[in-house]
């Protein structure tokens, strides 16, 4: 491969892996890189979230006890599936868990499904309107996966304190894994690492699987022959659908498990 072709390939890959940034001079001066906002991630995730809320609202208003529509039937099956997971996994009594699990599963699933849109379609269309970068898959942005996992982590801490009290929460940190007071200096850092591993694992697992899938689609798009792109891309898309569903399910089920542990005494 010539140096020009190699550079062109690197530019193509780098272009498709770059988000559309936005910042303000004040934010960047005070926060540095933390003051940069990925506009494409925010817009796509917001639109998909709004679509879910709007769809569920309309279906709830039009729900009938008679013969349901195909869409209502599908949503009911989806709701029963999530409700079953909550009943089998969550041992406490909290009306927030089932709606939270349903929202997480459907929202992540829709964001993951954006990976099946042809890799060049949306960026090329928006490029004609003067938008230099655009990524259609919000879950390939580490900022989004970490924000979701940190939101779940905040709920874990909240319900741990609410259900067990400050004293019970402190005992879990100080008396685990060794149930002796004099091991508290050792238990505390181990417990902190154990708790912090929850949001980190949630964020990195979702990000890593979707990011790797996106990279493979980009590499397939580099083949100069269009029919070869379809020959390689179609089987990978079929396999990737499985990853899309599994990652949405794993994020949901781990959220239920972590919140169930937060409601239980150690």
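Laboratory data are not the source of any read-out in this text; all were calculated from the coordinates shown. As the structure is a computational prediction, the values presented were derived from the model and not from experiment. Glycine also receives a Cβ, built like all others from the backbone with ideal geometry; neighbour counts cover every protein chain displayed.
A few points about this structure:
- Full extension of the chain segment joining residue 128 with residue 151 gains 4.6 nm, where the gain is 0.36 nm per residue of separation less the Cα-Cα distance.
- When each of 62, 205 is scored by the number of other beta-carbon atoms lying within 10 Å, the sequence from fewest to most is 62, 205.
- Taking 19 Å as the cut-off, the amide N atoms of region 78-97 that come nearer than this to a point 7 Å along the Cα-to-beta-carbon line of residue 51 belong to 78-79.
- Sorted by Cβ neighbour density within 10 Å, fewest at the top, the residues 120, 141: 120, 141
- Centroid-to-centroid separation of region 169-227 and region 107-158 [C-alpha atoms, Å]: 19 Å
- 222 nm mean residue ellipticity, helices alone, for the chain (DSSP H n ≥ 4; -39,500 (n - 2.57); rounded to 500): -26000 deg cm²/dmol
- In terms of packing, defined here as the mean over residues of other Cβ atoms within 10 angstrom, the peptides 247-257, 233-243 line up highest first as 247-257, 233-243.
- Region 99-120 residues near the modelled residue 163 label - backbone nitrogen below 20 Å, point 7 Å along Cα→Cβ: 99-105
- Label-to-label distance, residue 8 versus residue 222, with points set 7 angstrom from Cα along the beta-carbon direction: 1.3 nm.
- Where Rh is the Kirkwood radius over Cα pairs, Rg/Rh for region 82-194: 1.17
- Mean separation of Cα contacts under 8 Å (6+ apart) over length of region 153-266, as relative contact order %: 38 percent
- A convex hull fitted to the Cα coordinates of region 196-266 yields 63 cubic angstrom per residue.
- Convex hull per residue volume in Å³, alpha carbons only, for region 10-65: 119 Å³
- q = 0.23, 0.25, 0.29 Å⁻¹, region 88-150: log10 I(q)/I(0) [Debye, one scatterer per Cα]: -1.01, -1.07, -1.17
- Between residue 231 and residue 24, the C-beta separation translates, for a Förster distance of 35 Å, into a calculated FRET efficiency of about 0.15.
- Relative contact order %, the chain, counting alpha carbon pairs below 8 Å whose residues are six or more apart: 26 percent
- Result for the chain in a Gaussian network model with C-alpha springs under 10 Å: among 31, 17, 210, the largest mean-square fluctuation is at 31.
- In this entry, the chain is assigned a mean projected area of 20.6 nm², taken as a quarter of its C-alpha convex hull surface.
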